[in-house]
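Q: First the structure, then my questions, so here it is.
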Amino acid sequence: MTKPALRVAVTGAAGQIGYALLFRIAAGEMLGKDQPVILQLLEIPDEKAQKALNGVIMELDDCAFPLLQGVTAHSDPRTAFKDADVALLVGARPRGPGMERKDLLTVNAQIFTAQGKALNDVASRNVKVLVVGNPANTNAYIAMKSAPDLPSRNFTAMLRLDHNRALTQLAAKAGVAVSEIEKLIVWGNHSPTMYPDFRFATLAGKPALSVVNDDDWNRNVFIPTVGKRGAAIIDARGLSSAASAANAAIDHVRDWILGSNGKWVTMGVPSDGSYGIPEGVIYGVPVITKNGEYAVVKDLEIDAFSRERMDFTLKELLEERDGVKHLL
Ligand code: NAD
Ligand code: LMR
């Protein structure tokens, strides 16, 4: 018997990530090959953006995806998010010339306040929200705070791209396949302050530290390479990562909804107070997902170096939170 369709709202749908994301969702790569979907796509009201969005929809039509039961274009979050089961908040204002980080936070705070309120008013009461648009953790925090009637735990930020980047760097160093690595973590903010941590990782079942016992590589190569990978992609492509970001968004939501089969994955989630992270701060942590829920992996030992790195990325998040407090 055919399952009822799930409604997936995507913002910034005519952008680069949108173009790499929508076709895969419609093909069943995010919610399952037996799960029909309806796409509800949001773009800014600007004529050019709406025209481009219409072009993307024409291409979706031309794929004749068997699972795609409908596609709608929107310029208002209140119609785009109506009854949404999943909301991928990708659209955000990029940093323009002469713009300070503070200005970026302010313009995005306005977008994510409005979108949080719209989700609160019209989305499914169990909508699962993934924020991709930067600054992702703080945008997710703003949306969560603007949606008091929805479960806070359903607001998440994307650190999966950082997690995947860390997997590949560690696999290359250790000479193993990425599929052999488990229990990797990226703590904190999706920014260069993030802390990729392989202290608990296993490589084909063996402790990673018994294979890669190289503190200099960890501090001076691994952590900065993963942390600055976004900037390295921008430098190489002249554009920020898009296909890898879309891929990570699919990984994040697929695992959240369909389960991670006991494996650790990194999600940016509102802190429950564990690891000394103040409650509510959206922070990258290891989770195991099952039946549409995530559980934070608890009671891991935090050594002095890790504490310092975790506090450093937390400090940045607290500053970002303080920077938008007056808007909430
Ligand atoms: P893009 O500029 O190609 O597309 C963004 C789209 O969003 C544009 O079409 C724009 O019109 C639209 N948009 C802007 N404001 C909107 C709003 N209020 N409502 C609806 N749509 C809106 O950018 P992109 O390359 O697709 O990247 C999107 C965002 O994702 C950026 O903020 C980028 O920095 C971020 N990003 C995050 C990660 C991550 O790992 N978390 C990785 C890569 C990129
Ligand atoms: C990325 O990590 O690729 C994006 O967040 C882009 C950026 O600005 O780093």
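Q: Among the residues of the stretch 200-247, count how many are surrounded by 15 or more Cβ atoms within 10 Å (Cβ to Cβ), under 23 Å from the mean Cα position of the chain (by Cα) and more than 16 Å from ligand 1 (Cβ to nearest atom).
A: 4
Q: Which fully enclosed strands (runs of 3 or more DSSP E) of the stretch 232-317 have 3 or more residues being under 16 Å from residue 130 (Cα atoms)? Spell out how you get there, then give the answer.
A: Details: elements: 265-270, 282-290, 293-296.
By residue number, 265-270, 282-290.
Q: Might you check whether a residue that is out of contact with any Leu (no Cβ under 6 Å at 6 or more places or on another chain) and within 16 Å of ligand 2 (Cβ to nearest atom) occurs anywhere in the stretch 203-212?
A: Kept after step one, since they are out of contact with any Leu (no Cβ under 6 Å at 6 or more places or on another chain), are these residues of the stretch 203-212: 203-210, 212.
So of that shortlist, the ones also within 16 Å of ligand 2 (Cβ to nearest atom) come out as none.
No, the conditions are met nowhere in the stretch 203-212.
Q: Those residues that are among the basic types (Lys, Arg) and under 19 Å from the mean Cα position of the chain (by Cα), I need them from the stretch 27-49; list them, please. Before you say what the answer is, go through the steps one by one.
A: Step one: filter the stretch 27-49 for residues among the basic types (Lys, Arg), giving 33, 48.
Answer for the stretch 27-49, where residues must be among the basic types (Lys, Arg) and under 19 Å from the mean Cα position of the chain (by Cα): there is none.
Q: Let me ask another. Among the numbered criteria (1) in a loop (DSSP other than H, G, I, E, B); (2) within 16 Å of ligand 2 (Cβ to nearest atom), which single criterion is violated by residue 30?
A: (2)
Q: With the structure loaded, tell me whether residue 268 is within 22 Å of residue 138 (Cβ to Cβ) and free of Cβ contacts under 8 Å to residues at least 40 places away in the same chain or whether it fails that test.
A: On the way: within 22 Å of residue 138 (Cβ to Cβ): yes; free of Cβ contacts under 8 Å to residues at least 40 places away in the same chain: no.
So residue 268 fails the test.
Q: Oh, and also: Would you check if residue 78 is among the charged types (D, E, K, R), surrounded by 13 or more Cβ atoms within 10 Å (Cβ to Cβ) and not in a helix (DSSP H, G or I)? It would help to see each step written out before you state the result.
A: Values: among the charged types (D, E, K, R): yes; surrounded by 13 or more Cβ atoms within 10 Å (Cβ to Cβ): yes; not in a helix (DSSP H, G or I): no.
When the stated conditions are applied, residue 78 does not pass them.
Q: Right, here's the next one. Residue by residue through the stretch 111-127, note down the ones that are outside any helix (DSSP H, G or I) and under 22 Å from residue 160 (Cα atoms).
A: Let us first name the residues in the stretch 111-127 that are outside any helix (DSSP H, G or I), namely 123-127.
The answer is 126, 127.
Q: For residue 298, are the conditions met, namely being surrounded by fewer than 12 Cβ atoms within 10 Å (Cβ to Cβ), closer than 25 Å to residue 251 by Cβ and modelled with pLDDT of 95 or more? Steps first, answer last, please.
A: Details: surrounded by fewer than 12 Cβ atoms within 10 Å (Cβ to Cβ): yes; closer than 25 Å to residue 251 by Cβ: yes; modelled with pLDDT of 95 or more: yes.
Taking the combined requirement at face value, the residue satisfies it.
Q: Moving on to the next point. Do the conditions hold for residue 162, that is, is it charged (D, E, K, R) and either buried (at least 23 other Cβ atoms within 10 Å of the Cβ) or in contact with a Gly (Cβ under 6 Å, 6 or more places away or on another chain) (or both)? Reasoning before the result, please.
A: On the way: charged (D, E, K, R): yes; either buried (at least 23 other Cβ atoms within 10 Å of the Cβ) or in contact with a Gly (Cβ under 6 Å, 6 or more places away or on another chain) (or both): yes.
Yes: the conditions hold for residue 162.
Q: What number of residues within the stretch 83-94 satisfy the criterion of being surrounded by 14 or more Cβ atoms within 10 Å (Cβ to Cβ) and under 14 Å from residue 139 (Cβ atoms)?
A: Number satisfying all stated conditions: 7.
Q: Find the residue count for the stretch 204-255, including only residues that are in contact with a Lys or Arg (Cβ under 6 Å, 6 or more places away or on another chain) and either at pLDDT below 95 or closer than 27 Å to residue 9 by Cα (or both).
A: Our first condition is that a residue be in contact with a Lys or Arg (Cβ under 6 Å, 6 or more places away or on another chain); within the stretch 204-255, this holds for 212, 226, 229, 248, 250-252.
In the following step, the residues that additionally are either at pLDDT below 95 or closer than 27 Å to residue 9 by Cα (or both) were identified as 248, 250-252.
Number satisfying all stated conditions: 4.
Q: I need the full set of residues from the stretch 54-96 which are among the aliphatic types (A, V, I, L, M) and more than 22 Å from the chain's Cα centre (by Cα), in order please.
A: The answer is 56, 57, 58, 60, 64, 67, 68, 71, 73.
Q: With respect to the numbered conditions (1) of a type outside the set (Ser, Thr, Tyr); (2) outside any helix (DSSP H, G or I); (3) within 9 Å of ligand 1 (Cβ to nearest atom), which one is the sole condition not fulfilled by residue 108?
A: All conditions are met except number (2).
Q: Please give the number of the condition residue 102 fails out of (1) modelled with pLDDT under 95; (2) under 22 Å from residue 228 (Cβ atoms); (3) within 16 Å of ligand 2 (Cβ to nearest atom).
A: With (1) modelled with pLDDT under 95; (2) under 22 Å from residue 228 (Cβ atoms); (3) within 16 Å of ligand 2 (Cβ to nearest atom) applied to residue 102, the lone miss is (3).
Q: Return the only residue of 167, 130 being in contact with a His (Cβ under 6 Å, 6 or more places away or on another chain) and either within 16 Å of ligand 2 (Cβ to nearest atom) or in a helix (DSSP H, G or I) (or both). Walk me through it before giving the result.
A: Details: 167 fails: in contact with a His (Cβ under 6 Å, 6 or more places away or on another chain).
Answer to the selection: 130.
The values are calculated or read from the model by the stated rules, or taken from the named source; none is laboratory data. Computed from a predicted model, the values in this text were never measured in an experiment. Neighbour counts are summed over all protein chains in view; Cβ atoms, including those assigned to glycine, are modelled from backbone coordinates with ideal geometry.
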